[in-house]
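A.B. asks: Sharing a structure, written as structure tokens. Questions coming.
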Amino acid sequence: MDGRTSTIRELDGIGPVEVRRSARRRRTVSAFRESGVLVVAIPARFTRREEDQWIERMAERVRRGEARRRVSADRLLARALELAEEYLPEGVVPAAVTWVDNQNTRWGSCTPLTGVIRISRRVQGMPAWVLDYVLVHELAHLVVSDHSDRFWRIVDEYPRTERARGFLEGVSHSQSRGDGDGEPTDHVD
């Protein structure tokens, strides 16, 4: 035993919070999200009052960081238009680009006939270059509806394609339910 304990609390306006106390931790406090739970790591010696104060402080810090990374619907469309201008043939633009809550097995999807692109809200908060990759992938479907070599040539013009694909595979792997085949369950489309 290394002097660590963990408790889960439900706080109004914050949701589930796991407080991890460690005897090794002397002065520092850290916070992060893990599977939707706010984890706050504190020194074991903290009183309940200090714990409460640090939970509030760290929850606000995490909320601010998440808000900075969240892209509005208007900004999402604007970014898609910028990327279309840079990576698609002239004149090819989406009719609409929206965030959606109902895509749990895809990062994005496109309906080429209507020009509508939908991006899973799960992408919000990911690095901007990952969102850009998902947008470029879906924008490429406005030119080529399948995943042929021609499609991938368009997508591969985006310089961080391989890095973003690796990032998304890592996220998929960490969120997978252990189906045993080692393949990521999420995909872009």
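A.B. asks: Normalized C-alpha radius of gyration of the chain, against 2.2 N^0.38 Å? Working shown, then result.
C.D. replies: Working: Rg = 20.5 Å, N = 189, 2.2 N^0.38 = 16.1 Å.
So the chain has a normalised radius of gyration of 1.27.
A.B. asks: What FRET efficiency would be calculated for the residue pair R20, E86, taking the C-beta separation as r and a Förster radius of 41 Å, to the nearest 0.05?
C.D. replies: Efficiency computed from Cβ-Cβ geometry: 0.40.
A.B. asks: Report the gain in length on full extension from R63 to R9: 0.36 nm times residue separation, minus Cα-Cα distance, nm rounded to one decimal. If you can, show how the numbers build up before the last one.
C.D. replies: Details: separation 54, 0.36 × 54 = 19.44 nm, distance 1.75 nm.
Computed gain between R63 and R9 is 17.7 nm.
A.B. asks: Right, something else. Would you please report the Å³ per residue occupied by the convex hull of the alpha carbon atoms in the range 4-69? Provide the component values of the computation, followed by the final result.
C.D. replies: Values: hull volume 5.6 nm³, N = 66.
Per residue, the Cα convex hull of the range 4-69 comes to 84 Å³.
A.B. asks: Please check: in the Gaussian network model of the chain (C-alpha springs, under 10 Å), which one of S72, S148, S176 has the largest mean-square fluctuation.
C.D. replies: Answer for the Gaussian network model of the chain: S148.
A.B. asks: Would you calculate the separation in nanometres between label points at Q53 and D149, each defined as 7 Å from the Cα along the Cα-to-beta-carbon direction?
C.D. replies: Each label point lies 7 Å from its Cα, and together they span 6.6 nm.
A.B. asks: Kindly put R45, R27 in sequence by how many other C-beta atoms sit within 10 Å of each C-beta, fewest to most.
C.D. replies: R27, R45
A.B. asks: What's the whole-number percent of alpha carbon pairs in the range 66-152 lying beyond 17 angstrom? Could you put the intermediate results ahead of the total?
C.D. replies: Details: 1587 of 3741 pairs.
Everything past 17 Å amounts to 42 percent.
A.B. asks: Search the structure for amide H atoms under 5 Å from the amide H of A44, placed 1.01 Å from N in the peptide plane, and list their residues when 5 or more places away or on another chain.
C.D. replies: HN-HN under 5 Å from A44: S22, A23, R25.
A.B. asks: Arranged by the count of other C-beta atoms within 10 angstrom, fewest first, what order do T47, T5 take?
C.D. replies: By the 10 Å Cβ count, ascending, the order reads T47, T5.
A.B. asks: How about the range 58-162: which trypsin sites (Lys or Arg not before Pro) there lie in a loop by DSSP and see at most 13 other Cβ atoms within 10 Å?
C.D. replies: Of the trypsin sites (Lys or Arg not before Pro), the ones in loops of the range 58-162 whose Cβ has at most 13 other Cβ atoms within 10 Å are R70.
A.B. asks: GluC sites (Glu not before Pro) within the range 68-105: which are DSSP loop residues with at most 13 other Cβ atoms inside 10 Å?
C.D. replies: Listed in order of number, the matching sites are E90.
A.B. asks: Let me ask another. Over the chain, calculate the relative contact order: mean separation of alpha carbon pairs under 8 Å at least 6 apart, over the residue count, as a percent.
C.D. replies: 14
Every read-out reported here was derived from the displayed coordinates using simple, explicitly stated rules and does not represent laboratory data. In this text the structure is predicted, and so the values were computed from the model without any measurement. Because the Cβ atoms are built from the backbone with ideal geometry, glycine has one as well, and the counts that use them run over all protein chains shown.
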